[in-house]
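Working notes, structure below.
The values are calculated or read from the model by the stated rules, or taken from the named source; none is laboratory data. Worth saying up front: this structure is predicted, and the values here are computed from it rather than measured. All Cβ positions, glycine included, derive from the backbone under ideal geometry; neighbour counts span all protein chains shown.
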């Protein structure tokens, strides 16, 4: 009974309440996409030739696209892909950035110089042409699942550089902290000093880099799709649906095309609320 | 008494060569040596140099640091790591910033314990609680779950001292351990150092700019000025007959009593 009372009281704290609401919204979105097969009236690839570019109706909640496919079904299935792909890629790139940027800042000296110039070089490469070359190396037709895996790897392995810069700078200011000198003076070894004493202090920076990467990666996935490297048709993704918005006269006439944008904003906002409240250390 | 530590130490920083020049210090086993000097005279550099913790700031050490027959200046980093915390421990001057803000007290003690006891890493809890009662902290397991910002400055300093004596070091370097504390906590911490020195027969290098606390704790005092030891001797001797102008200036600055008719009567002129 006592425990239950405490949970009730905790829930009433404003930060907690916002976190709970955000969690519920995220859970609803995730569940809806998970059970897309039951919720959506049709498959994401089925074409209704009698209703091409149709406005919203009872039959098609968000209308149909120019190939006559149900937008609502595509949004649900696309959420499934994007909600898995973007955070996973963000996790990969943030981990790489933490390792590379964190170690560079921690080790200092010439290692830091090498890594910094490495990052600058990486960022200055002509990625458009390198990606086109990469596309040329891949087989012409990849299965949708392979395309998802390739997109994940590309986003994760290309996105680490700018967060690594920020993390290196953050680590640099931390390495002179008294508590690290004190920990070293206790005989704690270099690796543990980095992983157990320094990394937890980088958590706010890492979390920020993580959730900033998610919307960026959702959009990057759309751009990769233009090069033929993103999630491939007919599998829907938010990126693919956002690409439709290029045609702004169509958007003005069919404002329901903005549905994926609305969902993107809601999901990223909720992620931010959940992560920020989790970041606070309990008193 | 046997000599525990004797140094002949020069330190260069890239932008400040000769921050320490031929510093000779000797500490016998179980002795408390006071090291006094103005801000910027190189006191903290000595503390860090003895543990070879200057490389992050780019400091270069020349000369020798003889500790128990070994020259620490020539040891490899791996061997030096084994000495840090287990044979020579350090307490820094600002207690709250010397504890990791995002880790529980217990985690930090466990890490310090694990550094020299990887075999029985579980035992840290009893050890920690035993030391907590020794340094007058609440010996309750719940205290280990606190974060540094839930402690007072005095408590944080006691936690740091408990962590420093975790492995019963033979030498404790305390770098201005009382300068961040109020007068009452200060005298409590000094009393604690005195007790630890007696009970554990632990030698100490007590670094401070506060001559009075040094005089109450240390049997010998060394005076550091501009990176050099200008005077070193028994405490009473130094207060009665300071040999150099620098020492006299230090003593006068401390001992000037605003209500006394003869402000500097403790110090003989001449």
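A few comments on the model shown:
- Number of the exception - residue B:206 against (1) within 14 Å of chain A (Cβ to nearest Cβ); (2) crowded, with 23+ Cβ neighbours inside 10 Å; (3) under 13 Å from the mean Cα position of the chain (by Cα): (1)
One line per residue, one yes/no per condition, for (1) over 19 Å from the mean Cα position of the chain (by Cα); (2) within 20 Å of residue A:183 (Cα to Cα):
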| residue | (1), (2) |
| --- | --- |
| B:62 | yes, no |
| B:70 | yes, no |
| B:80 | no, yes |
| B:87 | no, yes |
| B:103 | yes, yes |
| B:106 | yes, yes |
| B:132 | yes, yes |
| B:139 | yes, no |
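- Of the residues A:183, A:164, A:169, A:149, the single one that is closer than 14 Å to residue A:199 by Cα and surrounded by fewer than 19 Cβ atoms within 10 Å (Cβ to Cβ) is A:169.
- Scanning the range B:78-88 for residues that are more than 8 Å from every other protein chain (Cβ to nearest Cβ) and touching a residue at least 12 places away in the same chain (Cβ under 8 Å) yields a total of 3.
- The range A:200-219 - residue that is surrounded by fewer than 18 Cβ atoms within 10 Å (Cβ to Cβ) and within 14 Å of chain B (Cβ to nearest Cβ) and, of those, nearest to residue B:148 (Cα to Cα): A:200
- So residue B:47, is it at pLDDT 90 or above, in a strand (DSSP E or B), touching a strand residue (DSSP E or B) at 6+ places or on another chain (Cβ under 8 Å) and under 30 Å from residue B:146 (Cα atoms): no
- Each residue in the range B:108-152 was checked for being assigned to a helix (DSSP H, G or I), within 14 Å of another protein chain (Cβ to nearest Cβ) and touching a helix residue (DSSP H, G or I) at 6+ places or on another chain (Cβ under 8 Å), and 16 pass.
- Residue check for residue A:119: within 30 Å of residue B:94 (Cβ to Cβ), in contact (Cβ under 8 Å) with a residue 40 or more places away in the chain and either buried (at least 18 other Cβ atoms within 10 Å of the Cβ) or in contact with a strand residue (DSSP E or B) (Cβ under 9 Å, 6 or more places away or on another chain) (or both): no
- Yes/no for residue A:172 being at pLDDT 85 or above, closer than 30 Å to residue B:95 by Cβ and away from chain B (no Cβ under 14 Å): no
- Of the criteria (1) outside any helix (DSSP H, G or I); (2) more than 14 Å from chain A (Cβ to nearest Cβ); (3) crowded, with 20+ Cβ neighbours inside 10 Å; (4) out of contact with any strand residue (DSSP E or B) (no Cβ under 8 Å at 6 or more places or on another chain), which one residue B:35 fails: (4)
- Residue within the range B:240-251 that is surrounded by fewer than 17 Cβ atoms within 10 Å (Cβ to Cβ), touching a residue at least 12 places away in the same chain (Cβ under 8 Å) and closer than 13 Å to residue B:34 by Cβ present: no
- Residues being surrounded by fewer than 19 Cβ atoms within 10 Å (Cβ to Cβ), away from chain B (no Cβ under 14 Å), assigned to a loop (DSSP other than H, G, I, E, B) and touching a helix residue (DSSP H, G or I) at 6+ places or on another chain (Cβ under 7 Å) are entirely absent from the range A:231-249.
- Any hit, the range B:179-189, residues being surrounded by fewer than 17 Cβ atoms within 10 Å (Cβ to Cβ), more than 11 Å from chain A (Cβ to nearest Cβ), within 13 Å of the chain's Cα centre (by Cα) and assigned to a loop (DSSP other than H, G, I, E, B): yes
- Residue match in the range B:60-74 (condition: out of contact with any strand residue (DSSP E or B) (no Cβ under 8 Å at 6 or more places or on another chain), within 14 Å of chain A (Cβ to nearest Cβ) and closer than 30 Å to residue A:112 by Cβ): no
- All positions within the range B:89-129 that are in contact (Cβ under 8 Å) with a residue 60 or more places away in the chain and crowded, with 20+ Cβ neighbours inside 10 Å: B:89, B:90, B:91, B:92, B:93, B:95, B:98, B:99
- Residue count for the range A:129-152, restricted to those that are part of a helix (DSSP H, G or I) and touching a residue at least 12 places away in the same chain (Cβ under 8 Å): 10
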